[in-house]
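The values are calculated or read from the model by the stated rules, or taken from the named source; none is laboratory data. None of these values were measured; they are calculated from a predicted model. Note that we place each Cβ from the backbone using ideal geometry, even for glycine, and neighbour counts take in every protein chain shown. In case anyone asks, the SASA skips ligands and DNA or RNA and just uses the protein heavy atoms, side chains included. Shrake-Rupley method; radii C 1.70, N 1.55, O 1.52, S 1.80 Å.
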Amino acid sequence: MTDFDSFSQLVFTIAGPRATGLKAEDGAVSFMLDVSDMTTDERVQIEEKLRHACEQAGANSVRIMLTAERVTPRLIAVASGKGGVGKSTLSTNLAVAMKLAGRSVGLVDADIYGPSQPRLMGAEDNKPEADGKKLIPVIGAGGVPFLSMGQLAKPGQAIAWRGPMAGNALSQLVDAHWGQVRDIIVDMPPGTGDIQLSMVQKHKPLGAVIISTPQDLALMDATRAIGFFDTAKVPIIGLVENMAGYLCPHCGEMSNPFGAGGAEAAAAELGIPFLGRIPLDIDIRLASDAGTPPALSDGPIGRAYAEIARQVSDWIDNPKAHAA
Ligand code: ADP
């Protein structure tokens, strides 16, 4: 484990996502600490604890910059018309790729029908703790803080919340202790139910990324999801095509089990940006199931996710472009 990893783990254990921007070089450790929710006593205590722990772990200087700026994270919904098209996988890898590019990003798993982020983020055994009434996100793969509907229910328990209960659960995840996290990727349930309504009415995402497989039927469902966000006046950032083309690991031939280019054509027809395509690749499923998101690798798949993340980040940073 590098110095950076061990100090960042140590600092996170004590301060959670309130600590950001950690640097560790030649025993000099520095980071920012969000003290906006703390009393003076709490602040002094935590500062002392952090300083002491870092020194014990070998730091020869510890610089803690206090900030009290309250950040309201911007929410980016990742949505699909139906399940099984790779929405959760895209959410994980989008968040990880944005983090790798240096952004302060978190992830909320709002998919009540199949909350899979604890597994995809390689943190199934870590349960979030609460700080007062607010949950503290768990740190997952790539150092991305996340919270999942799956962490609010007992393992294996089907989550069939309706209406207000579903809405309250979503609020618990969104209004958690996100510290200095600026952008939160929200893995939405498929379709247009209670969570979606609660999301657009109460939490107003900045924009939505829609994912579809290339075939016509999936695209029709995606069009419905786009219509839902349009009606709610949530801008569409763009469309991602998943499972586009299959590269046979044996003969190397490329085939198109779900058709080719359908999503790109549909995006053009609907007048929304096309953000890119991810091939159907067994390694994506294997790496995802093992809790090591493929966005962490620097092969072609990692680069494909990085390129989608870059476009989403540009969109977030350029509010004028989507103000109209
Ligand atoms: P959703 O959230 O839309 O229900 P998931 O992200 O859970 O879909 O993906 C469904 C299954 O497909 C998972 O087993 C996942 O690993 C796999 N999968 C997703 N995208 C790809 C891909 N591009 N190539 C291969 N398998 C994929």
Completion exercise
Interchain or sequence-distant (5+) residues whose placed amide H lies within less than 5 Å of the amide H of residue 186 are 76, 77, 78, 108
Fill in the blank from the handout: Counting only residues 5 or more apart in sequence or on a different chain, those whose built amide H sits under 5 Å from that of residue 140 are 146
Handout entry: Whichever lysines have a C-alpha closer than 23 Å to that of residue 133, once near sequence neighbours (fewer than 8 apart) are set aside
Key = 49, 154, 202, 204
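Could you tell me which GluC sites (Glu not before Pro) in segment 1-74 are loop residues by DSSP with no more than 14 other beta carbons within 10 angstrom of their beta carbon? Can you show the working numbers first?
Details: sites: 25, 42, 47, 48, 55, 69; in loops: 69.
Sites meeting the loop and neighbour criteria: 69.
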Handout entry: Backbone HN-Hα couplings from phi across segment 283-293 [Karplus 6.51/-1.76/1.60, Hz, Gly and Pro as x]
Key = 5, 5, 5, 5, 5, 5, 4, 8, x, 10, x
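Filter the GluC sites (Glu not before Pro) in segment 223-324 down to the DSSP loop ones having no more than 15 other Cβ atoms within 10 Å, then list what survives.
Values: sites: 241, 253, 264, 269, 307; in loops: 253.
Loop-located and lightly packed - 253.
Restricting things to alpha carbons, find the Rg to Rh ratio for segment 3-67 using the Kirkwood radius for Rh. The partial results should precede the final answer.
Working: Rg = 10.8 Å, Rh = 11.5 Å.
Rounded to two decimals, Rg/Rh equals 0.93.
Considering only protein heavy atoms, with the full assembly of protein chains and a 1.4 angstrom probe, order 220, 188 by accessible area, largest first.
Working: 220 115, 188 0 Å².
Sorted descending by solvent-accessible area, the residues read 220, 188.
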Problem - Additional length obtainable on full extension of the chain from residue 125 to residue 63, 0.36 nm per residue less Cα span - result: 19.1 nm
Fill in the blank from the handout: With residue 68 itself left out, Lys, Arg at +1 and Asp, Glu at -1 over residues whose Cβ is under 15 Å from its Cβ give -2
Handout entry: Theoretical ellipticity at 222 nm over the chain - DSSP helices of four or more residues, -39500 (n - 2.57) apiece, nearest 500
Key = -11000 deg cm²/dmol
Practice task
Please report the base-10 log of the normalised intensity I(q)/I(0) for segment 43-188, using a Debye sum with one equal scatterer per alpha carbon and no solvent, at each q in 0.10, 0.13, 0.17 (1/Å).
Solution key: -0.39, -0.63, -0.99
Practice task
Taking amide H positions as placed in the peptide plane 1.01 Å from N, state which residues far from residue 34 in sequence (5 or more) or on other chains have amide H under 5 Å from it.
Solution key: 19, 20, 67
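As a test of reading the structure, rank 52, 250 by solvent-accessible area (1.4 Å probe, protein chains only), most first. Write down the numbers at each step before the final one.
On the way: 52 110, 250 170 Å².
Highest to lowest solvent-accessible surface, that is 250, 52.
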Handout entry: Share, in percent, of DSSP beta bridges within the chain that are antiparallel, nearest 5
Key = 25 percent
Problem - Kirkwood-Stokes translational diffusion coefficient of the chain, alpha-carbon pairs, 20 °C, 1.002 mPa s, µm²/s - result: 105 µm²/s
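So for 13, 39, 92, what's the accessible-area order with a 1.4 Å probe, most first? Let's see the in-between values first.
Values: 13 110, 39 75, 92 5 Å².
Result of the area sort, largest leading: 13, 39, 92.
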Handout entry: 14 Å beta-carbon shell around residue 92, net charge (K/R +1, D/E -1)
Key = -1
